[in-house]
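The values are calculated or read from the model by the stated rules, or taken from the named source; none is laboratory data. In this text, all values refer to a predicted model and were calculated from it rather than measured experimentally. Cβ: placed from backbone, ideal geometry, glycine included. Neighbour counts: every protein chain shown.
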Amino acid sequence: MQTSANLQLQLTLNSVLISEFYPLLQRGVWLPVTTGCSVMNLLNSQLGIAEVYVQDRITTLFLDGKAIDELTSAYIEDGSTLALSTAMPGLVGSTMRRGGHLAAMRGEITCHPSQAVATGAGTVKIKLFNMLMKEIGPLLLERGIFLSGAELITLLTAGGASLRNGCDSVILDGFPLPCAELFEQLPTRVNPQQMMLLKVIWQG
Amino acid sequence: MDKILRINMGASGGPSQSIEKAGEFTALGGRATTSMIVAKEVPPDCHPLGAENKLVIAPGMLSGTTGAMSGRISVGCKSPLTGGIKESNAGGQPAQVMARLGYAAIIIEGKPATDDLYKIHIDKDKVTISVDNSLKLMDNYPLIEKLRKEHGDNAAYMSIGSAGERKMAAASIACTDPELRPSRHCGRGGVGAVMGAKQVKAIIFDDKGCQQRPPKDPDGFKAANRAYVEGIRKHAVSGEGLPAYGTNILTNVLNEAGGYPTRNFKTGFFEGGTNISGETQAELEVKRGGLATHGCHRGCVIQCSGVYNDKDGKFLTKQPEYETVWSHGGHCGIDDLDTIAMLDYLDDNIGVDTIEMGVAIGVAMDGGVIEFGDGEGAIRLVRDEVGKGTPLGRILGNGAAMTGKAFAVERVPVVKGQAIPAYDPRTVQGIGVTYATSTMGADHTAGYAVATNILKVGGDVDPLKPEGQVELSRNLQIATTAIDSTGMCLFIAFPILDQPETFDALLGMLGAFYGTKMTGDDVIALGKKVLNMEREFNKKAGFGAEDDRLPRFFKTEPLPPHNITFAVKDEELDELYNWG
Ligand code: SF4
């Protein structure tokens, strides 16, 4: 999978604007990471999410569409998709819960312990749902996510005036740029096909 | 709640009424009351729309008290959709008001000899049953507007729209919420058609001059209620996830699990899922000045509902629930929240079950009536066909099974004639067992009470054994029947699952209110008793083991992306009711 970007963009944004990223976070964002590790290693050691938070808060996880019960024996491969959620309502919500009493009801889609895979630089797609978008989303964006130029254009266009007004500074490929210029010259500055690394610094 | 109101709509000279002592039903409620009365009084082989069927309405055991979450109302009858026994419940204000008026149940029986349409007004002094033909074929929103002018804003209303009057098998009974919107529905099984067959358009409950029901042990009740509310508030699901996003919080998760039935159960993943997720819905609601958190009745502390405004910021409908967003959304290939919200409003207004209606439209799409993804077309089918009672509308309004037959569709997702909701049974096989075996027909709430481990119903299950799925489903169905019988909102099941002290607080409330000690065993015994009665009724109505089955395509068509089929064997399903 893609491990480098053609263009780097750093935005300094008001922290309330995390909600503008919710559609993107639900669909999933690609992160450059070291793959071949366990889910717990990825979340805790690489992404810096406290172990107690992972254990208590991220109670529903899917690795490539399979429900995870064991955080230390499910392995991340290059190109894996990891979806994270808090506890879900309903019978099916309870059924999906990590190690839950009703896990047997979804045996067919349970992620079984796998052999450790080779480690190396790679990317993982992380999807965040519900409260986790607000709680972990800023952290992922701070660390930097890969996205296509087309996705960036959609994000900035949908964010409209609130994103523009809440943007304090822009650095494009190492060079500062007035915020208004980025928003106004979006189609000329960003090629929809280009792969970008977006980092966000949060303020306030 | 020491009395039962019996209304005979077919009495000679016009409807008659009588009051009976509640007897054994004084300390019962919800599904226990409706199913016991239906099982005892309704001939199982009667025609559901005939004079012999009865419509039984019962509040919960703690409705009309200060107890939190106690405002569900149950409606029971023989179902015109399934042909079996039915209990369908809803939130809204009627349960609280009816209970404060002192009624443990209302039984509506018989059938008028003329084609007059009636309304029933109940206050603390009397019951008035009057002809009001000016209400004929009115839909729920304008109907309630009109009734409010006459009966005021302190009342709670139950009503049917035009679908109920047309006796469509998907017709619902609307209950008004605290803002007097007819937005909470006893949806499943066509209970609205039975009310329509009795020619009752609306029931108006006015509790002016009535007090909250007093507990036998007020201090004990207060303390238990406090602990119960604390338990609900501190739990991640009931105190946080549901209030913030409502039940539609499930869309993303089901989609990710590959268990989100898409385009009439062809795949388990909908590419437009995030566009209609609870997270997206909540953001939109707040942006438009609506509410992402709202209670369907006073006394609800979870508040899983909301208010959905249109693009101009004007009220359109209550926050559509997960199952509605699914049935009108992914099931039909529609990924636009405004379209889904409009369909939710139309369903509520006409008075049809949102699950049955959405599934029927998806089946019609599969039969080539309109294309999958055609939102405008779906709106037209509900508004102009079902809403106007055209021949096509009557096919759709009679549910997914009827629609499948009419358009020669092979893949028809129903059990006992009732549409399968929102969770593909190939992905979560245990829920498939519940769909297949429930006395109610396919019903996601039939095995909803996830508290079996605390209740220890049926002992500990070994999930690795093949019969584990059946045993889990059996225990869930027993526990759910018990919770349905308390009249509590099923969403209390989550704090109960994880927090034994919250379950104890609930038992404490029931004990302190009625002055008896209730144990988990009592709750389970009640659940089993009710299920046995319902099962017996269905047997006599003609149901056998062959009806406890999922449609065959679940066994033969692998569901992408996981490519799994439903693997629980028929013989295992047949074991579900063998609990000795
Ligand atoms: S949690 Fe939801 S369904 Fe239950 S009583 Fe409250 S608003 Fe109604």
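So which strands (runs of 3 or more DSSP E) are wholly in segment A:151-204 and hold at least 1 residues that are modelled with pLDDT of 90 or more and closer than 22 Å to A:Gly28 by Cα? Lay out the reasoning, then the answer.
Values: elements: A:167-172, A:175-177, A:195-203.
Output list reads A:195-203.
Go over the candidates B:Ser79, B:Ser70, B:Ser130, B:Ser88 one by one and state the one that is surrounded by fewer than 24 Cβ atoms within 10 Å (Cβ to Cβ), of a type outside the set (Lys, Arg) and either touching a helix residue (DSSP H, G or I) at 6+ places or on another chain (Cβ under 8 Å) or not assigned by TED's automatic domain parsing to the domain that holds B:Ile302 (or both). Show your work before the answer.
On the way: B:Ser79 fails: surrounded by fewer than 24 Cβ atoms within 10 Å (Cβ to Cβ); B:Ser70 fails: surrounded by fewer than 24 Cβ atoms within 10 Å (Cβ to Cβ); B:Ser88 fails: surrounded by fewer than 24 Cβ atoms within 10 Å (Cβ to Cβ).
That would be B:Ser130, the only listed residue that is surrounded by fewer than 24 Cβ atoms within 10 Å (Cβ to Cβ), of a type outside the set (Lys, Arg) and either touching a helix residue (DSSP H, G or I) at 6+ places or on another chain (Cβ under 8 Å) or not assigned by TED's automatic domain parsing to the domain that holds B:Ile302 (or both).
Give segment B:283-307 a look and list any residue that's within 14 Å of the ligand (Cβ to nearest atom) and aliphatic (A, V, I, L, M), or say none. Quick ask: steps written out before the conclusion?
First pass over segment B:283-307, keeping only residues within 14 Å of the ligand (Cβ to nearest atom): B:291-307.
Within segment B:283-307, B:Leu291, B:Ala292, B:Val301, B:Ile302, B:Val307 meet the criteria.
What are the residues in segment B:487-503 that are away from the ligand (no atom under 15 Å from the Cβ), touching a residue at least 60 places away in the same chain (Cβ under 8 Å) and more than 11 Å from chain A (Cβ to nearest Cβ), if any?
Residues of segment B:487-503 that are away from the ligand (no atom under 15 Å from the Cβ), as a first pass: B:497-501, B:503.
When the remaining residues are screened for being touching a residue at least 60 places away in the same chain (Cβ under 8 Å), the result is B:498-499, B:501.
Residues satisfying the conditions are B:Gln499, B:Glu501.
So which residues in segment B:74-98 are assigned to a strand (DSSP E or B) and within 11 Å of the ligand (Cβ to nearest atom), if there are any at all?
B:Asn89, B:Ala90
Please tell me if B:Ile379 is in contact with a helix residue (DSSP H, G or I) (Cβ under 7 Å, 6 or more places away or on another chain) and away from chain A (no Cβ under 14 Å). Let's see the steps before the verdict.
Working: in contact with a helix residue (DSSP H, G or I) (Cβ under 7 Å, 6 or more places away or on another chain): yes; away from chain A (no Cβ under 14 Å): yes.
Yes; evaluated as a whole, the condition is true for this residue.
Which residue is surrounded by the fewest Cβ atoms within 10 Å (Cβ to Cβ), if the candidates are limited to segment B:529-568 and must be assigned to a loop (DSSP other than H, G, I, E, B) and among the small types (Gly, Ala, Ser)? Explain how you work it out, then say what you get.
At the first step, the residues of segment B:529-568 found to be assigned to a loop (DSSP other than H, G, I, E, B) are B:541-544, B:548-552, B:557-558, B:560-563, B:565-568.
So of that shortlist, the ones also among the small types (Gly, Ala, Ser) come out as B:541-542, B:544, B:567.
Values: B:Ala541: 19, B:Gly542: 11, B:Gly544: 8, B:Ala567: 15.
Across segment B:529-568, the extreme among qualifying residues is B:Gly544.
From the residues in segment B:308-331 that are among the polar types (S, T, N, Q) and within 15 Å of the ligand (Cβ to nearest atom), which one is farthest from B:Gly487 (Cα to Cα)?
Pass one, segment B:308-331, residues among the polar types (S, T, N, Q): B:309, B:317, B:319, B:324, B:327.
Filter once more, keeping what is within 15 Å of the ligand (Cβ to nearest atom): B:317, B:319, B:324.
Working: B:Thr317: 25, B:Gln319: 22, B:Thr324: 22 Å.
That would be B:Thr317.
Taking B:Asn225, is it away from chain A (no Cβ under 14 Å) and in contact (Cβ under 8 Å) with a residue 12 or more places away in the chain? Steps first, please.
Values: away from chain A (no Cβ under 14 Å): yes; in contact (Cβ under 8 Å) with a residue 12 or more places away in the chain: yes.
For B:Asn225, the condition - away from chain A (no Cβ under 14 Å) and in contact (Cβ under 8 Å) with a residue 12 or more places away in the chain - is met.
Does B:Thr280 fit the bill of being in contact with a Pro (Cβ under 8 Å, 6 or more places away or on another chain), closer than 20 Å to B:His328 by Cβ, facing chain A (nearest Cβ under 8 Å) and away from the ligand (no atom under 12 Å from the Cβ)? Give the derivation first.
Details: in contact with a Pro (Cβ under 8 Å, 6 or more places away or on another chain): yes; closer than 20 Å to B:His328 by Cβ: yes; facing chain A (nearest Cβ under 8 Å): yes; away from the ligand (no atom under 12 Å from the Cβ): yes.
Yes: the conditions hold for B:Thr280.
Between A:Leu47, A:Leu42, which is more than 14 Å from chain B (Cβ to nearest Cβ) and surrounded by fewer than 18 Cβ atoms within 10 Å (Cβ to Cβ)? Walk me through it before giving the result.
Values: A:Leu42 fails: surrounded by fewer than 18 Cβ atoms within 10 Å (Cβ to Cβ).
Result: A:Leu47 is the single residue among A:Leu47, A:Leu42 that is more than 14 Å from chain B (Cβ to nearest Cβ) and surrounded by fewer than 18 Cβ atoms within 10 Å (Cβ to Cβ).
Being within 14 Å of chain A (Cβ to nearest Cβ), touching a residue at least 12 places away in the same chain (Cβ under 8 Å) and among the β-branched types (Val, Ile, Thr) is the requirement here; does B:Ile431 meet it? Give the derivation first.
Working: within 14 Å of chain A (Cβ to nearest Cβ): yes; touching a residue at least 12 places away in the same chain (Cβ under 8 Å): yes; among the β-branched types (Val, Ile, Thr): yes.
Spelling it out, B:Ile431 is indeed within 14 Å of chain A (Cβ to nearest Cβ), touching a residue at least 12 places away in the same chain (Cβ under 8 Å) and among the β-branched types (Val, Ile, Thr).
Which is at pLDDT 85 or above, away from the ligand (no atom under 14 Å from the Cβ) and not small (Gly, Ala, Ser), of B:Leu510, B:Leu472? Show your work before the answer.
Details: B:Leu472 fails: at pLDDT 85 or above.
Answer to the check: B:Leu510.
With the requirement that a residue be within 14 Å of chain B (Cβ to nearest Cβ) and in contact with a strand residue (DSSP E or B) (Cβ under 6 Å, 6 or more places away or on another chain), what does segment A:107-129 give you? Steps first, please.
Start the filter on segment A:107-129 by keeping residues that are within 14 Å of chain B (Cβ to nearest Cβ), which leaves A:107-112, A:125-129.
A:Glu108, A:Ile109, A:Thr110, A:Cys111, A:Lys125, A:Ile126, A:Lys127, A:Leu128, A:Phe129 - these are the residues of segment A:107-129 that are within 14 Å of chain B (Cβ to nearest Cβ) and in contact with a strand residue (DSSP E or B) (Cβ under 6 Å, 6 or more places away or on another chain).
A:Asp69 passes all but one of (1) crowded, with 20+ Cβ neighbours inside 10 Å; (2) over 25 Å from A:Met196 (Cβ atoms); which number fails?
Condition (1) is where A:Asp69 drops out.
Of everything in segment B:547-575, what is under 23 Å from B:Glu536 (Cα atoms) and within 14 Å of chain A (Cβ to nearest Cβ)? Give them in sequence order.
Matches in segment B:547-575: B:Glu572 only.
Could you go through segment B:34-44 and let me know if any residue there is among the basic types (Lys, Arg) and in contact (Cβ under 8 Å) with a residue 24 or more places away in the chain. Steps first, please.
Kept after step one, since they are among the basic types (Lys, Arg), are these residues of segment B:34-44: B:40.
Those still in the list that are in contact (Cβ under 8 Å) with a residue 24 or more places away in the chain too: none.
Within segment B:34-44 (the criterion being among the basic types (Lys, Arg) and in contact (Cβ under 8 Å) with a residue 24 or more places away in the chain), the answer is no, since none of the residues qualifies.
I'd like to check which helices (runs of 4 or more DSSP H) are fully inside segment A:1-119 and have at least 3 residues that are over 30 Å from B:Val568 (Cβ atoms). Reasoning before the result, please.
Values: elements: A:22-27, A:51-57, A:90-96.
The qualifying helices (runs of 4 or more DSSP H) are A:22-27, A:51-57.
Any idea which residue in segment B:234-274 is modelled with the highest pLDDT, counting only those that are over 19 Å from B:Leu291 (Cα atoms) and within 16 Å of the ligand (Cβ to nearest atom)?
Among them, the one singled out is B:Lys234.
I'd like to verify a number: residues in segment A:83-106 that are more than 7 Å from chain B (Cβ to nearest Cβ), at pLDDT 85 or above and out of contact with any Asp or Glu (no Cβ under 6 Å at 6 or more places or on another chain), how many?
The number of residues fulfilling the criteria is 2.
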